[in-house]
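The values are calculated or read from the model by the stated rules, or taken from the named source; none is laboratory data. On a predicted model such as this, the values are computed, not experimentally measured, just so you know. We place every Cβ from the backbone using ideal geometry, glycine too, and count neighbours over all the protein chains shown.
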Amino acid sequence: MALPNNGIQSTQTLLDAQSHVWNHLFNFISSMSLKCVLQLGIPDIIRKHGKPMTLSELIHSLHLNEAKSGSLERLMRNMINSKFFINVKISEIDEIEGYWLTSASHLLLRDEPLSVRPFALAMLDPILTDPWHHVSEWFKTDDDLNPFVTTHGRTFWEHAGQEPRLNRFFNEGMASDAMLVANVITEECRNVFEGLKSMVDVGGGTGTVAKAVVDTFPGLNCVVLDLPHVVAGCEGTENLTFVAGDMFEYIPPADAVFMKWILHDWPDEKCLKILEKSKQAVSDKERGGKVIIVDMVVDFQKKHEAIETQLFFDMLMMNLTSGRERTEKEWAELFSVAGFTSYKITPVLELRSLIELFP
């Protein structure tokens, strides 16, 4: 029996379209499978084993019922397809294979200094994933700022201030990402920080980037400015100070203002207020003041996977914070309205860039 055409050119086109829909429909399975692997601690178990592990060895190390063997094999098969693990031959004689780590799963290890494990678990926590079930509901509302507010009844920042678990796992996630960013920028962008005597890390959380910068540049004094519940209990050093405050109200003066993943959290009108306060803080031309921004610059010329990830982040910002990811044109317009004269973009972080902004 012939398939109905429905305006689609051919049967193959129809089947390709169905495959495309299914692939996107079940994309969430990749994320949830990854979460399961992290919660079971599989990357760490394989790393501790020191060599490729067979399925039976992995079952034993996880203390799982042997009846789950087939299911674990299917989970690992999916993760191999997603390039988080590889199959390696252990014995040429009987062709036994074992699971081993890839560069991606190395970033999921607990003791890896640049691990993204806390960030991954934070992004997949129900507090942050539940709002996705209310996006269509949010579109029909007149007042809610974003789907997070529709779901939880208050903004992300208000919720973090009242919910210790959210505050904890979000700070841990941001700190893990900050460690990777700090490692790259202090190695690849030394010229950006050389000569600076003072810097304010706005929204710097628990100070991961600031600590890396002052350790690399001992003559630099840094202030980490963040909300009271974020910096509570943070201990400074001789050249690192934590200050509780509101970036919309006041940013301490310094040679440079640093902001990692701050502006993308906010709509344009809020960004302008932050940029204006930043401009005031670095306005002393004798110090050669500047604003240093680490954020995405959406580039539709990037390879498919990269632009897809940038667009995912743009939707994430819409969902959680009312912010957005911006193209270079959108950044330039924002900088101009805020009164800055020039900027320089260095695409040093693959998906994100380091932007120097000058009064």
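A few notes on this one:
- The set of residues in region 244-283 being within 24 Å of the chain's Cα centre (by Cα) and of a type in the set (A, V, I, L, M) consists of Ala244, Met247, Ala256, Val257, Met259, Ile262, Leu263, Leu272, Ile274, Leu275.
- Selected residue (only one of Leu311, Leu316, Leu275 is touching a helix residue (DSSP H, G or I) at 6+ places or on another chain (Cβ under 9 Å), farther than 21 Å from His159 by Cα and in a helix (DSSP H, G or I)): Leu275
Results for (1) loosely packed, with under 13 Cβ neighbours inside 10 Å; (2) at pLDDT below 95; (3) under 22 Å from Ala122 (Cα atoms), shown as yes or no for each residue.
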| residue | (1), (2), (3) |
| --- | --- |
| Leu15 | yes, yes, no |
| Ser19 | yes, yes, no |
| Leu25 | yes, yes, no |
| Leu34 | no, no, yes |
| Pro43 | no, no, yes |
| Ile86 | no, no, no |
| Ile93 | yes, yes, no |
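- Residue pairs meeting the criteria (Cβ under 9 Å; at least 6 apart or on separate chains; first hydrophobic (A, V, I, L, M, F, W, C), in region 83-94; second loosely packed, with under 11 Cβ neighbours inside 10 Å): Val88/Lys51; Ile90/Lys51
- Scanning region 132-184 for residues that are under 16 Å from the mean Cα position of the chain (by Cα) and of a type in the set (A, V, I, L, M) yields Leu166, Met174, Ala175, Ala178, Met179, Leu180, Val181, Ala182, Val184.
- Residues located in region 235-275, provided they are at negative phi and aromatic (Phe, Trp, Tyr): Phe242, Phe248, Tyr250, Phe258, Trp266
- Answer residue from region 95-123, given it is surrounded by fewer than 17 Cβ atoms within 10 Å (Cβ to Cβ) and in contact with a Ser or Thr (Cβ under 9 Å, 6 or more places away or on another chain) and is nearest to Ile29 (Cα to Cα) among those: Ala104
- Residue-level check: of (1) in contact with a strand residue (DSSP E or B) (Cβ under 6 Å, 6 or more places away or on another chain); (2) at pLDDT 90 or above, Gly236 misses just (2).
- Any chance His159 is touching a residue at least 24 places away in the same chain (Cβ under 8 Å) and more than 19 Å from Thr206 (Cα to Cα): no
- Within region 129-188, the set of residues being over 16 Å from Phe119 (Cα atoms), of a type in the set (D, E, K, R) and touching a helix residue (DSSP H, G or I) at 6+ places or on another chain (Cβ under 8 Å) comprises Asp130, Glu137, Asp144, Arg154, Glu163.
- Checking each residue in region 72-126 for being closer than 18 Å to Leu40 by Cβ, basic (Lys, Arg) and in contact with a helix residue (DSSP H, G or I) (Cβ under 8 Å, 6 or more places away or on another chain) picks out Arg110, Arg117.
- Lone unmet requirement of (1) in contact with a strand residue (DSSP E or B) (Cβ under 9 Å, 6 or more places away or on another chain); (2) of a type outside the set (D, E, K, R); (3) over 30 Å from Thr54 (Cβ atoms); (4) without any contact (Cβ under 8 Å) to a residue 60 or more places away in the chain for Ala178: (4)
- Meets criteria (modelled with pLDDT of 95 or more and in contact with a strand residue (DSSP E or B) (Cβ under 6 Å, 6 or more places away or on another chain)) for Ile292: yes
- Residue satisfying all of: in region 210-233; touching a strand residue (DSSP E or B) at 6+ places or on another chain (Cβ under 7 Å) and over 27 Å from Trp157 (Cα atoms); surrounded by the fewest Cβ atoms within 10 Å (Cβ to Cβ) among these: Asn221
- Meets criteria (without any contact (Cβ under 8 Å) to a residue 24 or more places away in the chain, buried (at least 17 other Cβ atoms within 10 Å of the Cβ) and β-branched (Val, Ile, Thr)) for Thr151: yes
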